[in-house]
Amino acid sequence: MIPAAQLDYWVLSPLFVVAGFAILGLILEAALGRRYRFVVQAIATAVGLVAALVVSILVYGDLGTPEEASHVARGAVEAEGAVTVDGPGVVTWIMLLVFALLSLGLFAERRFEAGMSPFTGRAADIPGSDEETQAVQHRLEHTEVFPLMLFALSGMMLFATANDLITMFVALEVLSLPLYVLCALSRRRRLISQEAAMKYFLLGAFSSVFFLYGAALAYGYSGSLNLTIIDEAVSARADSGGLLLVAMAMIAVGLLFKIGAVPFHAWTPDVYQGAPTPVTGFMAAATKAAAFIALMRVFFVAFGGASWDWRPTFWVVAVITMVFGSVVAIAQTDVKRMLAYSSIAHAGFLLVGFSAAYVGIADDAALTSVSSVLFYLVVYGVATIGAFAVVSVVRDSAGETTHLAKWAGLGQRSPWLAGTFALFMLSFAGIPLTAGFIGKWGVFAAAWAGGTWPLVVIGVLASALAAYFYVRVIVLMFFTEPVGDGPTVAAPGVLTTVVIALAAIATVVLGVLPGPLLDIVQHAGAFVR
């Protein structure tokens with residue numbers, strides 16, 4: 001008889017809460033009439049996210065005191081070795097839930113599309129068909145987007161804390177499949193939305209195969225899929241180095257795809273441009289955060305003993321990603337594609353902090369690396385959601401207008417909106433007194449402490465190059481005359497206004513007073529082995 005699994009339901013409760021409310025959303029979808037679904041689903045999702053956030057904060061408090069976190073890992077391996085609930089993992093849960101709450105405001109906004117959501121009424125309708133016109137006339141809305149977002153979020157949370165490769169693969173699919181669907185549900189520009197979803201699905205499935213085959217090779221090398229046991233085999237290795245190298249390479253491909261690093265970035269600009277803007281903001285912030293923590297967990301915990309085998313490769317990927325994203329972004333004429341290549345460049349900056357870390361548990365450099373990446377992910381995610389919230393407000397008769405030429409003179413039409421977007425651009429550029437400056441300082445300081453100063457030099461040069469296209473947008477908005485009638489700014493609804501305001505406030509506060517958040521991420525400790 002197989003014994004029942006021993007679960008600590010309290011420490012795993014944030015996962016259960018999010019997954020439970022996702023299932024509740026499916027039940028509400030079947031039980032409620034169409035008239036009430038949207039509001040009820042939005043409220044239920046908000047309640048679930050707030051409840052999971054509160055529980056996550058309490059779980060983090062139970063991990064131990066800050067003094068204990070200074071030089072030891074806090075947390076424990078739960079669920080029969082499948083999940084690790086530790087400092088970095090729980091901080092990532094909190095981060096993801098905050099991103100989800102901000103994104104929910106954009107998901108639930110109904111002001112811009114004649115009182116309807118930004119998602120199509122019926123996904124099966126052919127774009128431009130009579131059926132689609134009838135769906136609009138009958139004010140049909142896709143309320144399944146709320147449980148889909150929760151399912152994706154539950155996958156992200158599990159992905160960041162998975163302690164074995166098969167659990168990580170399951171989490172990867174759970175987070176990816178709902179995103180594929182969400183990307184295809186744009187109310188406007190349906191064809192490009194569906195094209196983006198198809199590209200994301202095909203390339204995502206391709207990268208998942210790499211991850212799965214790498215996990216199989218890691219099992220062949222170590223006899224286990226558990227990260228701790230793989231680490232023991234790697235640390236005691238005497239032969240089969242080729243098998244280990246191929247396993248690490250293939251797992252890296254699957255994870256680097258999710259963070260949008262070069263050369264696995266091809267999906268990023270098309271998907272960012274084609275997906276509904278609320279989905280783009282959620283995906284850009286949350287998926288990158290979950291994937292980066294998963295990447296760090298795999299290579300710091302499972303493959304830490306082979307760090308000198310994989311670190312040089314990640315140095316090269318970091319350099320190429322930073323430079324490529326910064327250079328190609330200059331040539332973009334679409335705001336969403338520009339933000340996509342900006343995301344690629346930021347993946348490179350994050351890889352600088354990741355690649356520099358020595359992987360010893362009690363090593364200060366490792367703690368600094370983990371902490372700096374966590375801080376960077378927070379500030380980048382908040383500014384990204386805020387930036388895409390602004391994008392959703394700049395519109396014309398065809399919906400959102402994302403061509404940069406149509407943003408000329410935006411500062412004259414709506415100074416506060418253009419000012420907040422400029423603030424996010426300055427944060428992305430790493431200008432002092434913004435949160436982005438502290439984030440870049442953190443990852444560069446970690447790299448310097450780790451002895452990889454060439455990466456820091458290249459990162460600073462790439463940041464200077466990236467600043468050009470950020471400043472170009474600011475000049476376009478404030479110092480360029482409008483073309484024709486100029487940009488049309490839709491009056492943002494209450495939810496969108498709150499999202500933009502909170503993101504702007506966080507960007508300023510974390511740039512001026514970063515200490516409390518830096519203490520939290522520093523006290524997160526190291527990954528539990």
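Within the stretch 204-226, residues that are assigned to a helix (DSSP H, G or I) reach partners that are surrounded by fewer than 16 Cβ atoms within 10 Å (Cβ to Cβ) and hydroxyl-bearing (Ser, Thr, Tyr) with beta carbons closer than 9 Å, at six or more positions or on different chains, in the pairs 220/240; 221/240. None of 451, 419, 436 is over 24 Å from the mean Cα position of the chain (by Cα) and at pLDDT 90 or above except 419. For the stretch 506-524, a tally of residues being under 20 Å from the mean Cα position of the chain (by Cα), among the aliphatic types (A, V, I, L, M) and either assigned to a helix (DSSP H, G or I) or modelled with pLDDT of 95 or more (or both) returns 6.
Just one of the listed residues (260, 220, 254) is farther than 19 Å from residue 297 by Cα, touching a helix residue (DSSP H, G or I) at 6+ places or on another chain (Cβ under 9 Å), modelled with pLDDT of 90 or more and small (Gly, Ala, Ser), and it is 220. Residue pairs whose Cβ atoms lie under 6 Å apart, sitting 6 or more positions apart in sequence or on different chains, and linking a residue in the stretch 517-528 that is among the aliphatic types (A, V, I, L, M) to a partner that is surrounded by 20 or more Cβ atoms within 10 Å (Cβ to Cβ) and part of a loop (DSSP other than H, G, I, E, B), are 526/73; 528/73.
Here residue 249 passes the criteria (1) aliphatic (A, V, I, L, M); (2) closer than 28 Å to residue 80 by Cα; (3) buried (at least 17 other Cβ atoms within 10 Å of the Cβ) except the one numbered (3). Within the stretch 1-45, the set of residues being touching a residue at least 60 places away in the same chain (Cβ under 8 Å), small (Gly, Ala, Ser) and either closer than 30 Å to residue 109 by Cβ or in contact with a helix residue (DSSP H, G or I) (Cβ under 7 Å, 6 or more places away or on another chain) (or both) comprises 19, 22, 25, 42, 44.
Taken as a whole, the structure leaves residue 158 outside the set of residues that are out of contact with any strand residue (DSSP E or B) (no Cβ under 9 Å at 6 or more places or on another chain), among the aliphatic types (A, V, I, L, M) and crowded, with 21+ Cβ neighbours inside 10 Å.
Against the condition among the aromatic types (Phe, Trp, Tyr), crowded, with 23+ Cβ neighbours inside 10 Å and closer than 19 Å to residue 402 by Cβ, how does residue 527 come out, does it pass? Here the answer is no, as residue 527 does not meet what is asked.
Output yes when any residue across the stretch 431-446 is free of Cβ contacts under 8 Å to residues at least 12 places away in the same chain and surrounded by fewer than 21 Cβ atoms within 10 Å (Cβ to Cβ), and no when none is. Within the stretch 431-446, one or more residues are free of Cβ contacts under 8 Å to residues at least 12 places away in the same chain and surrounded by fewer than 21 Cβ atoms within 10 Å (Cβ to Cβ). Just one of the listed residues (473, 457) is of a type in the set (Val, Ile, Thr), closer than 26 Å to residue 329 by Cα and either under 24 Å from the mean Cα position of the chain (by Cα) or not in a helix (DSSP H, G or I) (or both), and it is 473. For the stretch 380-414, the tally of residues that are touching a Gly at 6+ places or on another chain (Cβ under 7 Å), within 19 Å of residue 101 (Cβ to Cβ) and not polar (S, T, N, Q) stands at 5. The residue of the stretch 407-453 that is nearest to residue 330 (Cα to Cα), among those that are of a type in the set (A, V, I, L, M) and in contact with an Asp or Glu (Cβ under 9 Å, 6 or more places away or on another chain), is 408. For the criterion of being under 20 Å from residue 158 (Cα atoms), crowded, with 23+ Cβ neighbours inside 10 Å and either under 23 Å from the mean Cα position of the chain (by Cα) or β-branched (Val, Ile, Thr) (or both), residue 282 passes. Of all residues in the stretch 182-194, those satisfying the criterion of being in a helix (DSSP H, G or I) and in contact with a helix residue (DSSP H, G or I) (Cβ under 6 Å, 6 or more places away or on another chain) are 182, 183, 192, 193. The residues listed here are 191, 177, 225; of these, the one that is surrounded by fewer than 21 Cβ atoms within 10 Å (Cβ to Cβ), at negative phi, more than 20 Å from the chain's Cα centre (by Cα) and aliphatic (A, V, I, L, M) is 191.
Flag: residue 152 does not match the condition of being of a type in the set (Gly, Ala, Ser) and at pLDDT below 95. Residues in the stretch 469-482 that are within 16 Å of residue 427 (Cα to Cα) and at pLDDT below 90: 469 alone.
If the requirement is being in contact (Cβ under 8 Å) with a residue 60 or more places away in the chain, surrounded by 19 or more Cβ atoms within 10 Å (Cβ to Cβ) and within 26 Å of residue 185 (Cβ to Cβ), which of these qualifies: 290, 318, 261? Show your work before the answer.
Details: 318 fails: within 26 Å of residue 185 (Cβ to Cβ); 261 fails: within 26 Å of residue 185 (Cβ to Cβ).
Going through 290, 318, 261 in turn, the sole match is 290.
The values are calculated or read from the model by the stated rules, or taken from the named source; none is laboratory data. Given the structure is predicted, the values throughout are model-derived calculations rather than measurements. Note that each Cβ is placed from the backbone with ideal geometry, even for glycine, and that neighbours are counted across all protein chains shown.
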